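To start, the structure under review is shown below, and the notes come after it.
The values are calculated or read from the model by the stated rules, or taken from the named source; none is laboratory data. Just so you know, these numbers come straight off a predicted model, no measurement behind them. We place every Cβ from the backbone using ideal geometry, glycine too, and count neighbours over all the protein chains shown.
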Amino acid sequence: MIYARRASPLHAARPVVGVAWCAALVVAALVVDHPLVLAALLVAVVASGLAARVGDRLAGAARIAVPIGVMWLLIEPLVLRDGLTVIARLGELPPFGRLDITLEATVAGAIFGLRAVVVIMAFGLYAAAVDPDEVLRLFRRRGLRSALTVTVATRMVGVLERDARRMADGQRCRGTGEASRLAVVRTVAGGALERALDVSAALELRGYGARRPGDHRRRSPAWSRHDLAFAASAVAVIALVVLGEISGATAFEWNPRLDAAGLAEAGPLSAALLLVMLVPFLDRRGIAR
């Protein structure tokens, strides 16, 4: 799940809009319980990935999401004892006692698994279609030092690990026995501080973070049609979810018996969510072929 630059409306939208749109999708998946609405969200994620031309990246996310969803489906009926409709009796299983698989627990496991698949796929779409460098650039004024710290620490993990291994091997070669964990950690930490000071001084000499003349006069570019389309889509998704929760169109109860909103209530909401999420991909004006 690595970012891939493609010619698509989602890639053309500014990063804050892309983050908001993907976040709206994740919020919708976490809020609703109706399986029909969750299925519509999954279809919207897959269709959006294909429209954004990141189907190969989304396939990688699916290889992670689908086993997790199947795991929810298989494990939840075994550990969840709620529900009145017994569909299988497995007898006594020490130390868990009597295991009875109910229809309600099975449906609940399917819903939890479907929700996990939608959320993971949505994060996979975000990782593939929203430029991470542009997202980090959103925090350049407030999180400059934090970004530098995270970058340096991430790149030095392997270096510090090799330092610790060399020091432990050196101590063993001297015949002093196994290296003390505390001594190794203390030495590695001291070396990390020294390396951080050297890196910080080098970056400072290169002008990292220095304000250039005219930076305060720079303005962000005007919002494009793709920015407006995806922003409106994100707002519409949240509005539809709130409306569905208020009207009961997303209502779904599985304990003690299954009780869900009918197709007449959940169907239009699912279709509306699918529509508002895919409409922004129809406008390809200004997108490089």
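Go through the residues of segment 64-81 one by one and say whether even a single one is part of a helix (DSSP H, G or I), closer than 13 Å to residue 129 by Cα and modelled with pLDDT of 90 or more.
First, pick out the residues of segment 64-81 that are part of a helix (DSSP H, G or I): 64-79.
After this cut, where a residue has to be closer than 13 Å to residue 129 by Cα as well, the list is none.
Within segment 64-81 (the criterion being part of a helix (DSSP H, G or I), closer than 13 Å to residue 129 by Cα and modelled with pLDDT of 90 or more), the answer is no, since none of the residues qualifies.
Report yes if residue 40 is among the small types (Gly, Ala, Ser) and either buried (at least 20 other Cβ atoms within 10 Å of the Cβ) or not assigned by TED's automatic domain parsing to the domain that holds residue 252 (or both), otherwise no. Before you say what the answer is, go through the steps one by one.
On the way: among the small types (Gly, Ala, Ser): yes; either buried (at least 20 other Cβ atoms within 10 Å of the Cβ) or not assigned by TED's automatic domain parsing to the domain that holds residue 252 (or both): yes.
Yes, satisfied.
Scan 252, 281 and give me the residue that is on the phi < 0 side of the Ramachandran plot, modelled with pLDDT of 85 or more and of a type outside the set (A, V, I, L, M).
Working: 252 fails: modelled with pLDDT of 85 or more.
Just one listed residue meets the conditions, 281.
Would you call residue 68 β-branched (Val, Ile, Thr) and either within 26 Å of residue 252 (Cβ to Cβ) or free of Cβ contacts under 8 Å to residues at least 60 places away in the same chain (or both)? Break it down stepwise before answering.
On the way: β-branched (Val, Ile, Thr): yes; either within 26 Å of residue 252 (Cβ to Cβ) or free of Cβ contacts under 8 Å to residues at least 60 places away in the same chain (or both): yes.
The answer is yes for residue 68.
When the residues of segment 1-47 are filtered to those that are among the β-branched types (Val, Ile, Thr) and outside any helix (DSSP H, G or I), which remaining residue is farthest from the chain's Cα centre (by Cα)?
Narrowing segment 1-47 to residues among the β-branched types (Val, Ile, Thr): 2, 16-17, 19, 26-27, 31-32, 37, 43, 45-46.
Now narrow it down to the ones that are outside any helix (DSSP H, G or I): 2, 32.
Numbers: 2: 12, 32: 17 Å.
That would be 32.
What are the residues in segment 64-89 that are more than 12 Å from residue 110 (Cβ to Cβ), crowded, with 19+ Cβ neighbours inside 10 Å and either of a type outside the set (Gly, Ala, Ser) or in contact with a Leu (Cβ under 7 Å, 6 or more places away or on another chain) (or both), if any?
83
Which one is farthest from residue 107 (Cα to Cα), of the residues in segment 243-259 that are surrounded by 18 or more Cβ atoms within 10 Å (Cβ to Cβ) and among the small types (Gly, Ala, Ser)?
In this case the residue turns out to be 244.
Test each condition in (1) at pLDDT below 70; (2) buried (at least 18 other Cβ atoms within 10 Å of the Cβ) for residue 117 and report the one that comes out false.
Of everything listed in (1) at pLDDT below 70; (2) buried (at least 18 other Cβ atoms within 10 Å of the Cβ), residue 117 misses just condition (1).
Can you tell which of 272, 232 is at pLDDT 90 or above and within 22 Å of the chain's Cα centre (by Cα)? Steps first, answer last, please.
On the way: 272 fails: within 22 Å of the chain's Cα centre (by Cα).
Testing whether each residue is at pLDDT 90 or above and within 22 Å of the chain's Cα centre (by Cα) leaves just 232.
Residue under question is residue 92, and the condition is that it be crowded, with 20+ Cβ neighbours inside 10 Å and over 27 Å from the mean Cα position of the chain (by Cα); does it hold? Working first, answer last.
Values: crowded, with 20+ Cβ neighbours inside 10 Å: no; over 27 Å from the mean Cα position of the chain (by Cα): yes.
The answer is no for residue 92.
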